[in-house]
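What follows is a short report on a single structure.
The values are calculated or read from the model by the stated rules, or taken from the named source; none is laboratory data. This one's a predicted model, so the numbers in the text were calculated from it and none came from an experiment. Glycine gets a Cβ as well: all are built from the backbone with ideal geometry, and neighbour counts include every protein chain shown. These accessible areas exclude ligands, DNA and RNA; they are computed on the full protein's heavy atoms, side chains included. Shrake-Rupley method; radii C 1.70, N 1.55, O 1.52, S 1.80 Å.
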Amino acid sequence: MAGIGILGGTFDPVHCGHLRLALEIREHLSLDGVRLLPAPNPRLRDAPRATVSQRLELLAAAADGEPNLQVDARELERDGPTYTVETLESFRREFSDEVLVFIMGMDSFQHLDRWHRWRELLDLAHLVVAHRPGGSLPQPGPIADLLERHRCDDVSALKSEPAGRIMICEPPLLDISATRIRALVAGGRSIRFLVPDKVIELINRTRCYTHAE
Ligand code: ATP
């Protein structure tokens, strides 16, 4: 089974750290491709700086010409709050028997027990967790227990089932964050080689990160 990777995020903006993560995991697991899944604006606070349509346009520019990356806007098309478990249910309806791999950074995995219906996520997909620089394994508690029960270090064992395993990966990660990109743009500094050139052109044209936070 080849399988489909899914990388969710705010992508405010997408940067080479996201894109390299997606490609590293795709190659490590020989997946068909990775879907880049932008999250809608949160209702209450910490709204992304760019609008939903700007973030989507930046993502499309980033994935343009890379056959292994596709932008998947399904969370932006839904009304009401979006929960990853419901998004994975929608993927599962579409790809009934496929291997589904939800990719996340260790920072997100550490707080998985705050996610809506988090215990059901593994019924729908595998979780592949990438260590970010400075990341540490979960402390004793529900997430460490979950990891112990579902951990799998073998690619072919993971790919023999459509869902249910957790793999911790240590791909080479670029030390880039969207926060830093926004700060550089607001400070009038270069973001060249941190984000694709087509994304830079769009950021310059729309001026979506020009003003300081
Ligand atoms: P911000 O700085 O605004 O918090 P971010 O750069 O962390 O943003 P997100 O859109 O929140 O970007 O990240 C989406 C996913 O990509 C998360 O799972 C996150 O852990 C992962 N990620 C972000 N930056 C990197 C990176 N440089 N290398 C690998 N994974 C990354």
> Looking at this structure, is VAL128 under 17 Å from the mean Cα position of the chain (by Cα), assigned to a strand (DSSP E or B) and aliphatic (A, V, I, L, M)?
Replying inline: yes
>> Among the residues of the range 111-121, are any surrounded by 13 or more Cβ atoms within 10 Å (Cβ to Cβ), in contact with an Asp or Glu (Cβ under 7 Å, 6 or more places away or on another chain) and within 28 Å of LEU58 (Cα to Cα)?
In response: no
>> For the range 184-202, check the following and say yes or no: at least one residue is within 21 Å of VAL52 (Cα to Cα) and touching a Lys or Arg at 6+ places or on another chain (Cβ under 7 Å).
In response: yes
> Within the range 3-30, which residues are more than 9 Å from the ligand (Cβ to nearest atom) and within 16 Å of ARG92 (Cβ to Cβ)?
Replying inline: GLY3, ILE4, GLY5, ILE6
> Do the conditions hold for PRO140, that is, is it open to solvent by 40 Å² or more (accessible area, probe 1.4 Å) and touching a Phe, Trp or Tyr at 6+ places or on another chain (Cβ under 9 Å)?
Replying inline: no
